[in-house]
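The values are calculated or read from the model by the stated rules, or taken from the named source; none is laboratory data. Here the structure is a predicted model, which is why all the values come from computation and not from measurement. All Cβ positions, even for glycine, are placed from backbone atoms using ideal geometry, and neighbour counts span all protein chains on display.
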Amino acid sequence: MTLLIEQVLRVVAAAIVGAAIGYEREIKNKPAGFFTFTLVSVGSCLIAILQQNVVNEALAMAERYAQTDPLESAPLPPTRAGSSPRSLAGSVSSAPARSFITDSRLKG
């Protein structure tokens, strides 16, 4: 399977799973529903795919231009390359959830 087809299938699978979770929340009248969960799932999938592509390309470039194994001289593991942007996105996206807190109880 080519890389492009695999990535498209991942995005479609993320959209289906996010839509299913969102639909379940929608029928229970929860604040974040179908559209929100679909967008969040697809966005998370795209960020993960982008991170994977950037790391793979960086390792390939390092291998082309250096005589050593790129993983031995990498300053941080490739799996941690996207941890900071994801945690930032998580803290930014949790701000709207704070608006549902009333009377020291979380609604939603």
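Do we find a residue being over 18 Å from the mean Cα position of the chain (by Cα), surrounded by 14 or more Cβ atoms within 10 Å (Cβ to Cβ) and at pLDDT below 85 anywhere in the stretch 85-106? No, the stretch 85-106 has no match at all.
Against the conditions (1) part of a loop (DSSP other than H, G, I, E, B); (2) surrounded by 13 or more Cβ atoms within 10 Å (Cβ to Cβ), P31 satisfies every one except (2).
Out of A13, A20, A32, I need the residue that is touching a residue at least 60 places away in the same chain (Cβ under 8 Å) and not basic (K, R). Which one? Unique residue meeting the criteria: A32. Check the stretch 57-73 and report whether any residue there is in contact with a Gly (Cβ under 9 Å, 6 or more places away or on another chain), surrounded by 14 or more Cβ atoms within 10 Å (Cβ to Cβ) and modelled with pLDDT of 55 or more. Scanning the stretch 57-73 turns up no residue that is in contact with a Gly (Cβ under 9 Å, 6 or more places away or on another chain), surrounded by 14 or more Cβ atoms within 10 Å (Cβ to Cβ) and modelled with pLDDT of 55 or more.
Just wondering, is there one or more residues in the stretch 8-19 that are over 29 Å from V54 (Cβ atoms) and either at pLDDT below 95 or of a type in the set (G, A, S) (or both)? Scanning the stretch 8-19, I find no residue that is over 29 Å from V54 (Cβ atoms) and either at pLDDT below 95 or of a type in the set (G, A, S) (or both), so the answer is no. Residues in the stretch 45-67 that are in contact (Cβ under 8 Å) with a residue 40 or more places away in the chain and under 9 Å from G18 (Cβ atoms): none.
Just checking, does the stretch 1-24 include any residue being touching a helix residue (DSSP H, G or I) at 6+ places or on another chain (Cβ under 7 Å) and of a type in the set (D, E)? No, the stretch 1-24 contains no residue that is touching a helix residue (DSSP H, G or I) at 6+ places or on another chain (Cβ under 7 Å) and of a type in the set (D, E).
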